[in-house]
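In what follows, a structure is listed as structure tokens, so that the remarks can point back to it.
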Amino acid sequence: MTNNSRTPADRRGLGSPATGLGTSIRVLYLLNVSNPQQLSADSGFTFASLLTPAMVEAGAHVTMAAPVAAGDTRVSFAPTQSPKTKYRARFDPDMDQLVELIEKTRPDVVVANQLEAAPAVRAALLEAGSEAIIAGYCHYLPFSMGDGGEPTLDPSLDDAGLGRPVLLTFVAGLAACDRVLVHSSTAASWTAQAAERMGVDVTDRLRIVPAPRDERLVQDPALRSAPGGEAIGLYNHRLYEHYGTGKFSVLARRLVAEESVLQLRVMDLFGKRSPERIQLDPSPEVYTEELAVLPRVTIEYDGGDRSRYRALLASSHFGIAPFRPGCPWSMSVIDCQAMGMPVIAPRTGWLAEHIHPDLLFDTVDEAVGIAARLATDKEFYSLHSKQAHESTADLAPAVVAARYLEAVL
């Protein structure tokens, strides 16, 4: 398939943020927020609220089109409706609204965070007479790739057999983009493989731009005390079945066994959910009840208060990564590491790329052994606390914004 890339932005005299000439770049940032009542649990919104002000500081003019504003008045805001379901977000883009937004903002770059909407964005640009670049950000992959090169559909997007239509629409989005941005090398490899299987070549358009860390959740590891024989582990991920919560539940029982020196904090990221969401997927409520009755396990809800969340991170000793099959990236893991917390993780997906090998496990027994060593070996703990913090050093919002703007031009 012919490469769809347009002429770079310097054709229009936009310059590059890296050279300080980005003041004329106009970015229209399209963001779907699936649950505006629980923004703290929406990693896409957290990403946008950290990134877009940093893009403005780098010299770009950014308009964020979303159901809620970024929270920084320097970022222009164009309110949109939140789709009723995750499938509407993928299959029902509002063409009239897209054309209106493009005509109003006259962007040089349109960022499609819902990649499946990219063909509609392309059509809207055509209708509006715009030559803007489309940058698709693969914030969430609707599949993972196994060793055999076969895509495995994400079960959270496979209700009523919709997983394959979602995947096909995702690849159509890749074909419509001038730039394709992903979080990690793992995600880049999977995206390229999936595209190639369906006749789409993204090689020259693929860019790796990791998500920014939250500077409110950064702590010098020198200020963190190593456990004195007892440790608190934190699990701060969504409790859906498709995140591998069942596997975490098995590990949790072992970690808090009677002879253990460990305690666990499990984050309830959603609080009280609506009856409609519970009916769609009741697994978070089921696992919350299951984990709450275990000894030395506490369920924590921060109510969306970032200072409360930071306090929970600061007083915990290590994090536990999600067991989500083929995880391409995790903001919650980065939150822990930026605070100087080592994170133990199953050896899968991006986790195997990013986490130190000493903290990766293949079995429950190995996970228990690593956690016990973090609790009792101060030198081991201090070494990995420092390494965890250092692994996020290049994720400061200003650094990521510069990489992001360079990638889309």
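The values are calculated or read from the model by the stated rules, or taken from the named source; none is laboratory data. Predicted, not measured: the structure shown is a model, and the values here were computed from it. Cβ placement follows ideal geometry from the backbone for every residue including glycine, while neighbour counts extend to all protein chains displayed. To get the accessible areas, we keep the full protein, side chains included, count just its heavy atoms, and leave off ligands, DNA and RNA. Shrake-Rupley method; radii C 1.70, N 1.55, O 1.52, S 1.80 Å.
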Next item on the list: Please name which of S225, M331, V75 has its Cα lying farthest along the dipole of the chain towards the positive end, using unit charges on Cβ (Lys, Arg +1; Asp, Glu -1) and the Cα centre as origin.
Entry: V75
Item checked: Qualifying chymotrypsin sites (Phe, Trp or Tyr not before Pro) for the stretch 67-133 [loop in DSSP, other Cβ within 10 Å: at most 15] -> none
Notebook entry, point to check: Put +1 on the Cβ of every Lys and Arg and -1 on every Asp and Glu Cβ in the stretch 60-210; which of L206, H183, L168 then has its Cα farthest towards the positive end of the dipole?
Noted result: H183
Next item on the list: Once you have the Cα-Cα distance between R253 and L153, take 0.36 nm times their residue separation minus that, and quote the gain in nm to one decimal.
Entry: 33.1 nm
Next item on the list: For the chain, give the magnitude of the charge dipole about the Cα centre (Cβ charges: +1 Lys/Arg, -1 Asp/Glu; no others), in debye to the nearest 20.
Entry: 600
Notebook entry, point to check: Straight-line reach from K86: which lysines have Cα under 22 Å away, leaving out those fewer than 8 places along the same chain?
Noted result: K272
Next item on the list: Any lysines with Cα under 30 Å of the K378 Cα? List them, leaving off those in the same chain fewer than 8 positions away.
Entry: K247, K386
Margin query: Considering only protein heavy atoms and a probe of 1.4 Å, how much of the accessible area of the stretch 127-243 is carbon and sulfur, as a whole percent?
Written below: 48
Item checked: Cα Rg, Dmax (largest Cα-Cα span) when computed across the stretch 286-337, Å -> 12.7, 32
Margin query: Given points 7 Å out from each Cα along the Cα-Cβ axis, report the I278 to K104 separation in nanometres with one decimal.
Written below: 3.7
Next item on the list: Return the single residue from R26, R207, R254 with maximal mean-square fluctuation; model: Gaussian network over the chain, springs between Cα atoms under 10 Å.
Entry: R254
Notebook entry, point to check: Taking the chain as a Gaussian network, where each spring joins two C-alpha atoms under 10 Å apart, which residue of A66, A311, A176 fluctuates the most?
Noted result: A311
Check: In the stretch 340-407, how does Rg compare with the Kirkwood Rh, expressed as the Rg/Rh ratio over alpha carbon atoms?
Finding: 1.09
Next item on the list: Could you state the accessible area per residue of the chain in Å², with a 1.4 Å probe and every protein chain left in place?
Entry: 42
Notebook entry, point to check: What label, among (1) 68, 48, 40; (2) 87, 53, 40; (3) 66, 47, 45, belongs to Cα extents along the principal axes in Å computed from the structure on display?
Noted result: (1)
Checklist line | Interatomic Cα distance distribution for the stretch 206-309, bins of 10 angstrom, percent | finding: 12, 36, 34, 16, 2
Check: Which one of V256, V62, V209 has the biggest mean-square fluctuation once the chain is modelled by GNM with Cα springs under 10 Å?
Finding: V256
Check: Are there GluC sites (Glu not before Pro) in the stretch 100-138 that DSSP puts in a loop and that have at most 16 other Cβ atoms within 10 Å, and which ones?
Finding: E131
Notebook entry, point to check: Using a basic spin-label model with each label point 7 Å from the Cα along Cα→Cβ, how many nm lie between Q37 and L223?
Noted result: 3.6
Check: Quick one: what does P(r) look like for the stretch 261-409 with 5 Å bins over all Cα pairs, in whole %?
Finding: 2, 8, 15, 18, 21, 17, 10, 6, 3, 1, 0
Check: At a 1.4 Å probe radius, carbon and sulfur cover how many percent of the accessible area of the stretch 328-408?
Finding: 51
Item checked: the stretch 68-126, dipole about Cα centre (Lys/Arg Cβ +1, Asp/Glu Cβ -1), debye to the nearest 20 -> 180
Check: Just how much of D92 is accessible, in Å², when a 1.4 Å probe is used and the result is rounded to the nearest 10?
Finding: 90
